[in-house]
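As structure tokens, the structure follows; a few thoughts come after it.
The values are calculated or read from the model by the stated rules, or taken from the named source; none is laboratory data. Please read these numbers as outputs of a predicted model, since none were measured by experiment. Don't worry about glycine lacking a Cβ; one is built from the backbone with ideal geometry, like all the others, and counts go over all protein chains shown. SASA here: full protein model, heavy atoms, side chains in, ligands and nucleic acids out. Shrake-Rupley method; radii C 1.70, N 1.55, O 1.52, S 1.80 Å.
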Amino acid sequence: PCIHLSVGELLRNVPADSPHKMLVDECLVEGKIVPVEISLNLLQAAMEKARSEMGESLLFLVDGFPRNFNNLEGWVRCMSDEKVSSVWGTLMFSCPLQELERRILARAETSGRSDDNLKSAQKR
């Protein structure tokens with residue numbers, strides 16, 4: 001089975017009592033990249049949860065990661081090989097800026113997400 005993990009969703013759902021909650025929320029609103037260790041800890045916990053519920057032979061589609069070279073280095077350092085998960089490949093989509101903006105504004109009408117605005121998106 002293939003499990004979709006959205007890093008953005010994991011970040012938006014950081015528990016209120018987490019020591020990282022304020023930093024994560026600030027990064028999302030400001031369009032900044034959350035420190036790689038926080039993102040990787042959330043991903044690893046989600047992967048471990050999925051494995052405990054569905055078994056070891058899972059394929060993960062990680063949406064929204066890596067966002068930059070630092071993210072990639074963090075993955076290689078902390079998650080690769082036998083540590084957590086190996087990378088089989090990367091998907092990268094290209095979309096015109098006007099279309100991205102249109103989609104973000106349309107999603108903002110119903111999402112309630114703090115980062116669904118053009119200012120935050122332009123910084124991503």
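Here are the numbers:
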| item | result |
| --- | --- |
| Accessible surface of segment 23-124 [probe 1.4 Å, protein heavy atoms]: carbon and sulfur percent | 54 |
| Probe 1.4 Å, accessible area per residue of segment 17-124, Å² | 71 |
| Residue-count net charge about V14 - beta-carbon cut-off 11 Å; Lys, Arg +1, Asp, Glu -1 | -1 |
| Under 5 Å, built H, 5+ apart or other chain: amide partners of I3 | L59, F60, L61 |
| Among (1) 15.7; (2) 18.3; (3) 15.0, the entry derived from the coordinates for Kirkwood radius over Cα pairs in Å | (1) |
| The chain: relative contact order in percent, alpha carbon pairs under 8 Å with at least 6 residues between | 35 |
| Dipole-positive endmost among C27, I104, M92 within the chain (Cβ charges, Cα centre) | I104 |
| Of L23, L43, L97, the one that fluctuates the most in a GNM where the chain has Cα springs shorter than 10 Å | L97 |
| Choice from E101, E37, E53 with maximal GNM fluctuation in the chain (Cα, 10 Å cutoff) | E53 |
